[in-house]
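Trainee: Pasting a structure below so you can have a look.
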Amino acid sequence: MRAEKTWVLVADGARARIVRDLGTSLEAGERPEDLVFEIDHKQLREIMADKPGRAFSSHGVRRSAMEYTSDPVQEQEAAFAATLLEELERRHAAHEFDKLAIIAEPRLLGVIRRILPAALRETVVNEISKDLTKLPNRELREAIAELGIGRPRPV
């Protein structure tokens, strides 16, 4: 019987890392590389640099400004989360991992919870609301170990 593999998704709205090798040390030669994802995260002022358009009123000839109907930053983060979950779902279907721990910035964790597919929901063993994406590799692994992720649970 093979040992269960636990992967850890560490993400914020623009960066993510999937740690795939919790059981091996940093010095081990055969350790698989982490999967790294990054998008060009734009600030709201960059996305909304243009003023919204103008439209004619329902009566008369006056024109009035249109309002934005959504938050582009939140849409960008939701699309990024969907991309991450599609990749994880594909790799889970290929039996690359058995359990998943999610460590994400609070707002992104909420998005992930909302759109998490049922197949992945069954694999989630931890959800932690923290932003660890800026930590260097060694410090990230130490933080994951301190959180108790990947250790067998006492029966």
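The values are calculated or read from the model by the stated rules, or taken from the named source; none is laboratory data. Values in this document were obtained by computation on a predicted structure and should not be read as measured data. Glycine also receives a Cβ, built like all others from the backbone with ideal geometry; neighbour counts cover every protein chain displayed.
Trainee: Tell me, please, whether a residue that is in a strand (DSSP E or B) and modelled with pLDDT under 95 can be found in region 92-99.
Mentor: Of all residues in region 92-99, those in a strand (DSSP E or B) come to 99.
Still in the running and modelled with pLDDT under 95: 99.
Checked region 92-99: at least one residue is in a strand (DSSP E or B) and modelled with pLDDT under 95.
Trainee: For the condition outside any helix (DSSP H, G or I), charged (D, E, K, R) and either surrounded by 11 or more Cβ atoms within 10 Å (Cβ to Cβ) or at pLDDT 75 or above (or both), what is the one hit in Glu4, Glu87?
Mentor: Working: Glu87 fails: outside any helix (DSSP H, G or I).
Going through Glu4, Glu87 in turn, just one is outside any helix (DSSP H, G or I), charged (D, E, K, R) and either surrounded by 11 or more Cβ atoms within 10 Å (Cβ to Cβ) or at pLDDT 75 or above (or both): Glu4.
Trainee: Assess whether Arg114 counts as being touching an Asp or Glu at 6+ places or on another chain (Cβ under 9 Å) and in a helix (DSSP H, G or I).
Mentor: Spelling it out, it is not the case that Arg114 is touching an Asp or Glu at 6+ places or on another chain (Cβ under 9 Å) and in a helix (DSSP H, G or I).
Trainee: Give the residues of region 104-119 that are within 26 Å of Ala94 (Cα to Cα) and buried (at least 18 other Cβ atoms within 10 Å of the Cβ), sorted by residue number.
Mentor: Across region 104-119, the qualifying residues are Ala104, Leu108, Leu109, Val111, Ile112, Leu116.
Trainee: If the Cβ limit is 6 Å and pairs must be 6+ apart or interchain, which residue in region 134-146 that is of a type in the set (Gly, Ala, Ser) pairs with which residue that is outside any helix (DSSP H, G or I)?
Mentor: Close Cβ pairs satisfying both conditions: Ala143/Leu132.
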